[in-house]
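Bear in mind these aren't lab numbers, they're just calculated from the coordinates by the rules spelled out. Note that the structure is predicted; figures quoted are calculated from it, not measured. Don't worry about glycine lacking a Cβ; one is built from the backbone with ideal geometry, like all the others, and counts go over all protein chains shown.
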Amino acid sequence: MWTAALALWYLVVLRPASERTLLHWLALPYSILLATTLGVTLGAALILGQAQAWLPVIGAALFLFSDLILAAEMFNGLRFKWAAIGDVVWLTYGPAQLLIVYGAALIATSV
């Protein structure tokens, strides 16, 4: 997961930057934190072997994706022709949070 986070950070944040600021470098530990969250939820789902354990995995992946969209907008000026970028972010971020919290609650009550 960390390798993927490093690669995505490099491709989306650092590589296209004509000028590299402190914010560009601070995005790296944040990327690693999100990848760690995804990795931990994935590991837990594999260990638990319960269907509801996959809800936080999907949520963590959506959360990582929503922040990837934000980074692409912030650092590269990404725009969508078919939707406002904020709408796409909220359509991934909202369900991500719901799946993480709801999935964790289901797991906690079933263990």
Using unit Cβ charges (K, R positive; D, E negative) and no other charged atoms, how large, in debye to the nearest 20, is the dipole of segment 2-110 about its Cα centre?
160 debye
Just from the alpha-carbon atoms, what are the Rg and Dmax of the chain in angstroms?
15.5, 51
For the chain, with +1 on Lys and Arg beta carbons and -1 on Asp and Glu, the positive-most of VAL88, LEU11, VAL101 along the dipole
LEU11
Take every Cα pair under 8 Å in the chain that's 6+ residues apart, average their separations, divide by the length, and report that relative contact order as a whole percent.
30 percent
Give the Kirkwood hydrodynamic radius (Å, one decimal) of segment 57-109, defined as one over the mean of 1/r across all pairs of different Cα atoms.
11.7 Å
